[in-house]
Every structure is written in C-alpha cells, then in structure tokens.
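Written below as structure tokens is the structure these notes are about.
Every number here is computed from the coordinates shown, using simple stated rules; none is lab data. Just so it is clear, the model here is predicted, and its values are computed rather than measured. As a convention, Cβ positions derive from the backbone with ideal geometry for all residues, glycine included, and neighbour counts pool all protein chains shown.
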Amino acid sequence: MSEHTISASDVKKLRDVTGAGMMDCKKALSESNGDFDGAYRYLRKKVRKYLLKELTEKLKKVLYLLSFPMIAKKGVIVKLSGKLTLLQKMKILSH
C-alpha cells in the first residue's frame, strides 16, 4: 500500500457503482493505491471468492441430481440433503 489519500467521494463513487460496503470500498481503493479500476477488480475478486466458498458449503449439504433424458420432454430433479455423506448419497442414487 502507498500513502495515497482516499477521499470520501472516491469511496462513494465506488460504492455507487458496485453496491459494496463502505469499508470494503475503502480497503479496495487502499489496496489498489487509489486506482478506481483496480479497486473494482479487487472487489470482483473478493465477491467471487465469497460466492465460491458459499457454493461449496451448500454443495456439501445438498446434492441435486438432474436427469433429462434425450428423448423425453420432461426431466427429474432429485434433492438429497441431511446428514448423509456424499458417498451415501451416491449409493442411494445408484439403486
């Protein structure tokens, strides 16, 4: 980080564009040395990491099986959740 001064108007501008929180915007601008585009990329990367983590946590709890036969016009969605391990869920689906 450099000694670049981050103004409140810079933070507000980034916040208006991204919808991110004030402190997140301030940190992004600090990390990018006041560069607006760099701060925008920093926030996108942070959001991507967060969403990937959330998705991973959800997939650990729920397994969806989607089956859409090539000929049929209808498909099936099966949701397995609860305290089953992934291996147990796969055994259920294989029967």
Based on the mean of other beta carbon atoms within 10 Å per residue, what is the order of 45-54, 29-38, most packed first? 29-38, 45-54
Where a Cα-Cα gap under 19 Å defines reach, which aspartates and glutamates qualify for LYS13, not counting those fewer than 8 residues away within the same chain? ASP24, GLU31, ASP35, ASP37
For the pair LEU52 and ASP35, how long in nm is the line joining their label points, each one 7 Å along Cα→Cβ? 2.1 nm
